[in-house]
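Since the structure comes first, as structure tokens, the remarks are kept for the end.
The values are calculated or read from the model by the stated rules, or taken from the named source; none is laboratory data. Since the model is a prediction, treat every value here as computed from it, not as a measurement. Counting neighbours? That spans all protein chains shown, and the Cβs are built from the backbone with ideal geometry, glycine included.
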Amino acid sequence: MMNPLHILAAWIEDAAKAGEAEPSAMALATATRGGVPSCRIVLCRGVGEQSVRFFTNYESRKGIEIQNNAAVATTFYWGSLARQARLIGTASRLSASESDAYFLEHRPRGHRLQSWASRQSTVIASLDEVRARHAELEKRFEGEVVPRPDYWGGFEIAVTEVELWKSGTDRLHERRLFKREGDSWLESLLSP
């Protein structure tokens, strides 16, 4: 049986080749314990055999919502390709070592400093206070490797459902639904 996450990875590559500005951008929907939804764009930082990954501040709204309600949904959309992918799953934190590796190997220095400077999702008086903290941190870590803060790291979404959508003429879209059962995927075709 075909693994839809292999197709997703190929579609992200296709989007990059097509010149999409952020081919790995995905809308991430979370909800409070009481079911109040919230959605924002994050960057997918890895597609595995049964999961996708992203990184964030654990104390942000999304981090807190995932801690209280691990059920999440994501959607990728690539307008130039007339394709989208919708995923449903359960999010859990990556290990500290996995988060450290991503932070140090793939996150630019300025982004690492920003992780320290910004208490994501908290109310601020002005952006200048965050800029000032960023400048202070540049001096503090001058000539040193910027370590990962404990409150920043990765999440892995164990994907249980994937819908792959391709636009069709006269709105006759192709919709393939994959549901995970154990280590395999059951595929269905949905009416447009």
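Picking from residues in region 16-34 that are assigned to a loop (DSSP other than H, G, I, E, B) and free of Cβ contacts under 8 Å to residues at least 12 places away in the same chain, the one that is nearest to Leu94 (Cα to Cα) is Gly34. For region 65-78, the set of residues classified as in contact (Cβ under 8 Å) with a residue 40 or more places away in the chain and not in a strand (DSSP E or B) consists of Ile66 only. Here's a check for you: in region 172-192, which residue that is without any contact (Cβ under 8 Å) to a residue 24 or more places away in the chain and among the aliphatic types (A, V, I, L, M) is nearest to Thr160 (Cα to Cα)? Only one residue fits best here, namely Leu177. Examine region 117-134 for a residue that is touching a helix residue (DSSP H, G or I) at 6+ places or on another chain (Cβ under 6 Å) and over 30 Å from Asn69 (Cβ atoms), and state whether such a residue exists. Within region 117-134 (the criterion being touching a helix residue (DSSP H, G or I) at 6+ places or on another chain (Cβ under 6 Å) and over 30 Å from Asn69 (Cβ atoms)), the answer is yes, since at least one residue qualifies.
Annotation note: of Leu81, Leu94, the sole residue that is surrounded by fewer than 18 Cβ atoms within 10 Å (Cβ to Cβ), of a type in the set (A, V, I, L, M, F, W, C), modelled with pLDDT of 95 or more and closer than 20 Å to Ala9 by Cβ is Leu81. Looking at region 98-129, which of its residues are touching a residue at least 60 places away in the same chain (Cβ under 8 Å) and part of a helix (DSSP H, G or I)? Passing the criteria: only His106. Among the numbered criteria (1) over 23 Å from Glu181 (Cα atoms); (2) crowded, with 16+ Cβ neighbours inside 10 Å; (3) touching a Ser or Thr at 6+ places or on another chain (Cβ under 7 Å), which one does Leu43 miss? Every condition holds for Leu43 apart from (2).
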